[in-house]
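Okay, structure first, notes after.
Every read-out reported here was derived from the displayed coordinates using simple, explicitly stated rules and does not represent laboratory data. The model shown is predicted, which means the values in this text are computed figures rather than measured ones. Here Cβ is always computed from backbone atoms with ideal geometry, including for glycine, and neighbour counts include all displayed protein chains.
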Amino acid sequence: MRLLKTEAIVLKNNSIGETDKMATLFTKNYGKLRAVAKGARRSKSRFVNAIRPFMVANYVIFEGQNYYYIDQWELIESHKNIEKDLVKFSVASYISETVNKILEENQKSEKLYQFLKHSFKAVDELQIDPLIFIASYNLKLVSLLGYMPQLDNCIVCGKREDLKYFSNSCGGVVCTICKNKCFDARPLHEVALKAIKYFFKGDYEKLQNIKVSGVIKEEVDKIITAYMKEHLEIELKSKDFIDKLQNM
Ligand SMILES: [Zn+2]
């Protein structure tokens with residue numbers, strides 16, 4: 001029997017049977033794994049609060065024949081504001097979903113782990129427009145994974161001006177002359193490009209007070225969502241999610 005000791009972030013949990021729960025954990029030392037919390041559905045269980053979504057904790061996990069089981073846990077960060085606020089909760093769910101889809105079982109990434117931890121902390125503590133937060137998170141994520149689009153120069157000729165189109169297949173901005181060389185080049189508003197650059201480079205803290213029009217937010221979201229679909233090959237619920245938030 002192997003004992004694993006590690007800090008971890010709870011990506012999600014599911015009920016299994018009458019009394020137990022299964023947590024999907026992103027562990028710092030062993031990557032993504034799923035672990036059973038025995039009796040976690042019982043209110044008096046010592047595991048009742050052990051695997052709440054988005055919390056960070058130190059865990060002792062043992063490896064059984066078929067499953068991992070949580071043996072001990074000690075809370076590091078519960079992210080109380082996320083639990084209390086529906087918008088924050090939706091943003092955190094989106095973040096969790098992307099990471100869960102990107103990571104394979106047992107895949108380890110210290111960089112992604114720290115980024116996730118930092119992002120949850122920002123959702124919990126800062127007041128940021130949810131759509132802006134998600135755009136910024138998505139851009140930081142694709143960059144961390146090595147798929148950052150080219151935003152400063154035409155991807156075909158390298159020119160720095162007249163960057164009025166964006167192409168997923170070419171991987172960034174394209175000038176008017178080169179646009180026919182990228183079959184899926186689509187117009188990109190100058191302000192949207194500026195916003196994308198700012199969301200990418202700016203720390204979450206800096207996004208608290210900026211104002212961006214709904215039209216630009218929508219365009220930025222469309223560009224980034226399509227880009228992520230093409231390069232990360234994951235289907236994300238970003239658009240449904242945005243519609244839902246706008247109707248709240
Ligand atoms: Zn060009």
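With label points built 7 Å along Cα→Cβ from the Cα atoms of Ser15 and Arg46, find their separation and express it in nm.
With each label placed 7 Å out from Cα toward Cβ, I get 2.5 nm.
If the chain between Lys80 and Asn29 were fully stretched, how many nm would it gain, using 0.36 nm times the residue separation less the Cα-Cα distance?
15.9 nm
Using alpha-carbon pairs under 8 Å, 6+ residues apart, how would you state the relative contact order of the stretch 1-138 in percent?
Taking the mean separation of contacting Cα pairs over the length of the stretch 1-138, I get 24 percent.
Once label points are set 7 Å from the Cα along Cα→Cβ at both Tyr69 and Ser213, what is their separation, rounded to one decimal in nm?
6.1
At a 10 Å Cβ-Cβ cut-off, how would you order Leu163, Leu25, fewest neighbours first?
Leu163, Leu25
Between Lys159 and Glu125, how high is the FRET efficiency from 1/(1 + (r/R0)^6) when r is the Cβ-Cβ distance and R₀ = 41 Å? Nearest 0.05.
Efficiency, rounded to the nearest 0.05: 0.50.
Give the angle, between 0 and 90 degrees and rounded to the nearest 10, that separates the Cα long axis of helix 214-232 from the longest principal axis of the Cα atoms of the chain.
Computed tilt is about 70 degrees.
Taking a cut-off of 19 Å between Cα atoms, list the lysines near Lys32, but don't count ones fewer than 8 places away on the same chain.
Partners within reach: Lys5, Lys12, Lys21, Lys101, Lys108, Lys111, Lys117.
Looking only at Cα atoms, what is the convex hull volume of the stretch 90-248 per residue, in Å³?
Dividing the Cα hull volume of the stretch 90-248 by its residues yields 115 Å³.
Within a 10 angstrom radius of the beta carbon, how do Arg42, Arg160 rank from fewest other beta carbons to most?
Arg160, Arg42
Over all distinct Cα pairs, what is the inverse of the mean 1/r for the stretch 2-80, reported as the Kirkwood hydrodynamic radius in Å?
Result for the stretch 2-80, one decimal place: 12.1 Å.
Under a straight-distance cross-link criterion of Cα-Cα below 19 Å, which aspartates and glutamates are reachable from Lys181, leaving out those fewer than 8 residues away in the same chain?
Of all the aspartates and glutamates, those that pass the test against Lys181 - Cα under 19 Å, at least 8 places apart if same chain - are Asp152, Glu161, Asp162, Glu230.
How far apart, in nm, are the 7 Å Cα→Cβ label points at Glu205 and Glu110?
Taking the simple label geometry, Glu205 and Glu110 are separated by 2.4 nm.
Going Cα to Cα from Lys44, which aspartates and glutamates come in below 15 Å? Please leave out same-chain ones fewer than 8 positions away.
Glu18, Asp20
How high is the relative contact order of the chain, in percent, counting Cα pairs under 8 Å that sit 6 or more residues apart?
Worked out over the chain, it gives 14 percent.
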